[in-house]
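Quick notes on the structure that follows.
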Amino acid sequence: MKIKLLDGSIKEFDQATNVRTIAETIAISLKKATAAAKVNGRYVSVDYVIEKDSNLELITNRHEDFYKTLNYTAAFVTGVAISELYKDVKLAKVLYKEDELEYGITFEVEPRIGLEELQNIQNKVNQIIKNESILSKEMDLKEAEEIFKGNQYQLHLAKEMFETYGEITVYTLNGVSIVSKHPIALNLKNIKVVEVQQLTGEYWLNDSKNIMLQKVHGMAAESNETLSSKKEILEDRRSRDHRIINKTLKIFGFDHLVGPGLPLWMPNGTIVKEEIKKYLKEKEWEYDYINVTTPVIGTVELYKKSGHWDHYGEDMFQPFNGGSGSDEQFILRPMNCPHHVAVYKQEQRSYRDLPLRIAEHALQHRYESSGSLTGLERVRAMELTDSHIFVRPDQVEAEFKSIYKLITEVLETFNIQIDYLSLSLRDPEDKVKYYQDDKMWDEAEAALEKVLQDLNIDYKKCIGEAAFYGPKLDIQIKTAQNHEITVSTIQLDFLLPKKFDVTYIDQNQEFKAPIMIHRGLIGTYERFIATLLEQTKGVLPLWLAPNQIEIIPVGSEENIEYANEVKKQLKKDFIRTHVDLRDERLSYKIRDAQTSKIPYQLVLGDQERKDNSVTYRQYGSEQQTTIKLNEFKNMITDLICNKK
């Protein structure tokens, strides 16, 4: 039996051997350092017996999956602690998202436990990690069903794992067992510190139709110093969470009666959104886009013809009938492509009309599961900065470069920090997800990759991530919660024009099918504004700030009148202001304006009124400057004009 290690070396054994023994043949110290392993890409324990030629990765504290192992182990230990403290606990899932700092364990117990009981769980966890070790065992489905006959959650996980691997890994500690496809360390000496932190809820399988389970969160580390460092990172992430920032800025809200995932844009949020929209439409004008408006619904037949019904049906809201007694069926629009095709087809196009750049800031709806809804980052109603460009084959490269230039200019204006660019290609082996036309795919992927190489763009190839109709370039960012999301996208589509018989007349008076390019400029306003709030920590640039200037009069009624006159003068130039007339100390008002992240505060007293001047202070600065009102107006207008 040949075992290929991560460094490429081969170890040979004449019989089945467990991971622990293989590590020992390399070095005794390695045996002690190995927390878990990967065999042919599958996570296993150190007691896992390898019976045939395999690739083996030993997970030590130098391996990229070490913290994953640490956290899944801590999650299981926490579940064991809960099971020992309370009767009839049903453990559900151990949880840890890639590159995140917290682990979680979901469970069902009655009566439900309260926040005040977390310290008891912490004490029990501390006791377990000092004295205990975990056992692992591979078994078939029948044996697992016997062990977990009273726990429907573990039975579900057991069946899933058996379908994938043909066997099930069960971990046991103090008589408590779970199924886990994730890495779990058998030796708890790897974990020096576990901190139980909070208690929340989570639907089983993230489906609101299922039971709401309780969820304990915590952090694990190999030292107190490492834990402190992780907590600092976590605190920074929480401070940048757009949902936290929103409590101060009041950008958006939700109402359960309106519906989960259906955002309400508050006055401040509406200002931010409309200012961004005004800028984007100016940029689209600059790049020769034409704006259209299309319905927020479409017939079922429309989406069946486009292919979205087959490929994205689960993410759509269910069809609804027309008027009373009508047999017509409609769908809330999940995407705009078919509508823009219909706009194109309103008249016959010539090769001279192309490229035709149809743009729409379009409302659309997608049915996200309740468990996945996350502030503005993931919603059910959204407005997409969408465009569909129809081009001749000879125009693809130039148009792609133009789109990329537009997107780059826009993102640079907002100073958006990009994580990476992904080139999403099809998986040729997937005969279900992708439209089956090898020639079309080969041409589309080759054309897109050539353009990226011409532009000298660094990108990652992502096989199997393409849309069903063509390859795409996605600009990816990381959110404050370490979620990876797409902010902008360019997608080639050779399929949809054929499906809808879209044509243009070429130089030889022959009908030809154009190529369609899908362009998402900044994605949806919802997700983009969530990103903007997080990357700026809520300190929006002057041109976007809902309240650009807070005016604080000091002293007499005459100064209040002067403050209102200053507001009137600034309003003539569409500068957004507010006069603070509260009966509070000046220092309190200034501090409150700073907390609300207002770019400028004006303090107006007797001298300012007499001199027709203002004393201003910028957000984050202690410096105060006094200048004439007209000078201040000109300065602010210039900053806004230049998107500062």
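Points worth noting:
- Qualifying residue in segment 311-318 (condition: closer than 16 Å to Asp501 by Cα and out of contact with any Pro (no Cβ under 6 Å at 6 or more places or on another chain)): no
Every residue, every condition in (1) touching a strand residue (DSSP E or B) at 6+ places or on another chain (Cβ under 6 Å); (2) open to solvent by 30 Å² or more (accessible area, probe 1.4 Å); (3) acidic (Asp, Glu); (4) over 29 Å from Tyr48 (Cβ atoms), yes or no:
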| position | (1), (2), (3), (4) |
| --- | --- |
| Asn174 | no, yes, no, no |
| Pro183 | yes, no, no, no |
| Ile191 | yes, no, no, no |
| Gln197 | yes, yes, no, yes |
| Met212 | yes, yes, no, yes |
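- Checking Ala398 against (1) part of a helix (DSSP H, G or I); (2) exposed (fewer than 14 other Cβ atoms within 10 Å of the Cβ); (3) within 20 Å of the chain's Cα centre (by Cα), the condition it does not meet: (3)
- Reported count of residues in segment 483-498, each being open to solvent by less than 30 Å² (accessible area, probe 1.4 Å) and either touching a residue at least 40 places away in the same chain (Cβ under 8 Å) or closer than 13 Å to Leu421 by Cβ (or both), is 10.
- Scan of segment 232-255 for residues that are free of Cβ contacts under 8 Å to residues at least 40 places away in the same chain, assigned to a helix (DSSP H, G or I) and more than 19 Å from the chain's Cα centre (by Cα), ordered by number: Glu232, Lys247
- Scanning segment 352-390 for residues that are part of a helix (DSSP H, G or I) and open to solvent by 40 Å² or more (accessible area, probe 1.4 Å) returns Arg352, Asp353.
- The number of residues in segment 581-632 that are in contact with a helix residue (DSSP H, G or I) (Cβ under 9 Å, 6 or more places away or on another chain), acidic (Asp, Glu) and within 30 Å of Ile244 (Cβ to Cβ) comes to 1.
Residues checked against (1) among the β-branched types (Val, Ile, Thr); (2) outside any loop (DSSP other than H, G, I, E, B); (3) under 15 Å from Ser387 (Cβ atoms):
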site: Gln481; (1), (2), (3): no, no, no
site: Thr489; (1), (2), (3): yes, yes, yes
site: Leu521; (1), (2), (3): no, yes, yes
site: Glu526; (1), (2), (3): no, yes, no
site: Ile529; (1), (2), (3): yes, yes, no
site: Glu534; (1), (2), (3): no, yes, no
site: Trp543; (1), (2), (3): no, no, no
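- Residue match in segment 22-35 (condition: within 32 Å of the chain's Cα centre (by Cα) and either at pLDDT 90 or above or over 30 Å from Ile211 (Cβ atoms) (or both)): yes
- Scan segment 195-230 for residues that are without any contact (Cβ under 8 Å) to a residue 60 or more places away in the chain and either closer than 19 Å to Leu70 by Cβ or of a type in the set (Gly, Ala, Ser) (or both) and the total you get is 8.
- Index of the failed condition, Ile549 passing every other in (1) under 28 Å from the mean Cα position of the chain (by Cα); (2) surrounded by 23 or more Cβ atoms within 10 Å (Cβ to Cβ): (1)
- Matching residues in segment 558-606 - criterion: being of a type in the set (A, V, I, L, M), touching a residue at least 24 places away in the same chain (Cβ under 8 Å) and outside any loop (DSSP other than H, G, I, E, B): Ala563, Val566, Leu570, Val579, Leu586, Ile590, Ala593, Leu602, Val603, Leu604
- With respect to the conditions (1) of a type outside the set (Lys, Arg); (2) under 30 Å from Tyr289 (Cβ atoms); (3) at pLDDT 95 or above, Pro599 lacks only one, and its number is (2).
Per-residue answers, yes or no, for (1) of a type outside the set (Gly, Ala, Ser); (2) open to solvent by 40 Å² or more (accessible area, probe 1.4 Å); (3) assigned to a helix (DSSP H, G or I); (4) in contact with an Asp or Glu (Cβ under 8 Å, 6 or more places away or on another chain):
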site: Glu314; (1), (2), (3), (4): yes, yes, yes, no
site: Gly323; (1), (2), (3), (4): no, yes, no, no
site: Asp327; (1), (2), (3), (4): yes, yes, no, no
site: Ile331; (1), (2), (3), (4): yes, no, no, no
site: Ala342; (1), (2), (3), (4): no, yes, yes, no
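- Segments classed as helices (runs of 4 or more DSSP H), wholly inside segment 1-108, with at least 3 members that are under 30 Å from Ala480 (Cβ atoms) and open to solvent by less than 40 Å² (accessible area, probe 1.4 Å): 66-85
- The residue pairs whose first member lies in segment 272-295 and is closer than 24 Å to Phe390 by Cα and free of Cβ contacts under 8 Å to residues at least 60 places away in the same chain, whose second member is surrounded by 12 or more Cβ atoms within 10 Å (Cβ to Cβ) and of a type in the set (S, T, N, Q), and whose beta carbons are closer than 8 Å, counting only pairs six or more residues apart or on different chains, do not exist in this structure.
- Filter result for Ser133 (of a type in the set (Gly, Ala, Ser), open to solvent by 40 Å² or more (accessible area, probe 1.4 Å) and touching a residue at least 12 places away in the same chain (Cβ under 8 Å)): yes
- Only one of Ile475, Ile416 that is touching a residue at least 40 places away in the same chain (Cβ under 8 Å), part of a strand (DSSP E or B) and either aliphatic (A, V, I, L, M) or farther than 30 Å from Tyr279 by Cβ (or both): Ile475
The values are calculated or read from the model by the stated rules, or taken from the named source; none is laboratory data. The model shown is predicted, which means the values in this text are computed figures rather than measured ones. Reconstructed Cβ throughout: ideal geometry from the backbone, glycine too, with neighbour counts over all protein chains shown. Remember, those area values only see protein heavy atoms, side chains included, never the ligands or the DNA or RNA. Shrake-Rupley method; radii C 1.70, N 1.55, O 1.52, S 1.80 Å.
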